[in-house]
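Notes follow once the structure below has been shown.
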Amino acid sequence: MRVLLVEDDEPVAQSLRRGLLRYGFEVAWVSTGGAALSHTDPYDVVLLDLGLPDTDGLDVCRALRERGDVPIIVISARSDETDRVVGLELGADDYVSKPFGVREVIARIRAVMRRVQPRAQTDAGPDRYGSRLTIDRKAARVRLDGDEVALAPKEYDLLAFLTEEPGALMSREQIMEAVWDANWFGPTKTLDVHVAALRRKLEGAIAIEAVRGVGFRLEIVKDAEPS
């Protein structure tokens with residue numbers, strides 16, 4: 001996922017950038033509102049500081065929203081309720097107050113993307129992965145060769161998360177935060193159990209590779225034929 005980070009405080013920006021990169025995000029960093037508005041490379045979400053040196057971040061928020069529907073998450077030291085309300089009314093999708101943790105920002109990004117993606121795909125049918133597997137995210141149903149597969153709730157959540165980016169390596173920490181809870185302190189063995197269940201139930205349609213010491217990578221089995 002590509003992030004446009006608009007932040008004039010270099011230590012804050014570099015710390016957040018390193019954290020996002022560690023979790024697999026691509027990050028383009030600019031330090032002024034003018035640079036944000038002139039940025040031409042594509043991005044999927046904007047992290048926007050309000051205290052910019054050349055212009056008010058609220059004006060940048062308004063201008064970005066007029067251009068399109070890319071999600072905007074305001075990150076600011078301004079904790080006044082008025083600023084929050086104005087930011088949201090101008091089109092921001094969420095608001096994070098400084099100081100914040102990288103995990104909180106990532107959780108906000110994922111929550112915003114989950115909210116906006118269904119709006120962009122309202123008329124779309126089930127997502128197809130290869131020739132055998134379909135996932136109906138609106139109905140939370142999975143079909144293999146046309147037949148519905150009975151998945152436990154967390155099995156479905158795990159599959160839905162891993163198929164958001166087939167081929168991407170997801171760390172155990174990323175998966176546990178996204179599928180279970182950001183504050184999960186239990187054993188991660190439960191993840192291995194759910195991965196094993198998905199492998200068994202969807203054999204031949206997907207392959208979930210365990211990368212020792214890191215996490216898992218889901219691949220779609222190409223040109224698979226019904227067994």
Anything in the stretch 137-147 that is surrounded by 12 or more Cβ atoms within 10 Å (Cβ to Cβ) and at pLDDT 90 or above? List them, or say none.
R141, V142, R143, L144, D145
Might you check whether a residue that is at pLDDT 90 or above, farther than 19 Å from G91 by Cα and surrounded by fewer than 21 Cβ atoms within 10 Å (Cβ to Cβ) occurs anywhere in the stretch 50-61?
yes
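Residue by residue, here is whether (1) at pLDDT 75 or above; (2) open to solvent by 40 Å² or more (accessible area, probe 1.4 Å); (3) part of a strand (DSSP E or B) holds:
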residue	(1), (2), (3)
A35	yes, no, no
P42	yes, yes, no
A63	yes, no, no
I75	yes, no, yes
F100	yes, yes, no
M113	yes, no, no
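Does D192 satisfy being of a type in the set (D, E, K, R), farther than 17 Å from G24 by Cβ and modelled with pLDDT of 90 or more? Working first, answer last.
Details: of a type in the set (D, E, K, R): yes; farther than 17 Å from G24 by Cβ: yes; modelled with pLDDT of 90 or more: yes.
When the stated conditions are applied, D192 passes them.
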Just to verify a result, which residue in the stretch 211-221, among those that are assigned to a strand (DSSP E or B) and open to solvent by 50 Å² or more (accessible area, probe 1.4 Å), is nearest to R128 (Cα to Cα)?
E219
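The values are calculated or read from the model by the stated rules, or taken from the named source; none is laboratory data. Computed from a predicted structure; not experimentally measured. Please note: Cβ atoms are built from the backbone with ideal geometry, for glycine as well, and neighbour counts cover all protein chains shown. We work out accessible area using only protein heavy atoms, side chains counted, and drop any ligands, DNA or RNA first. Shrake-Rupley method; radii C 1.70, N 1.55, O 1.52, S 1.80 Å.
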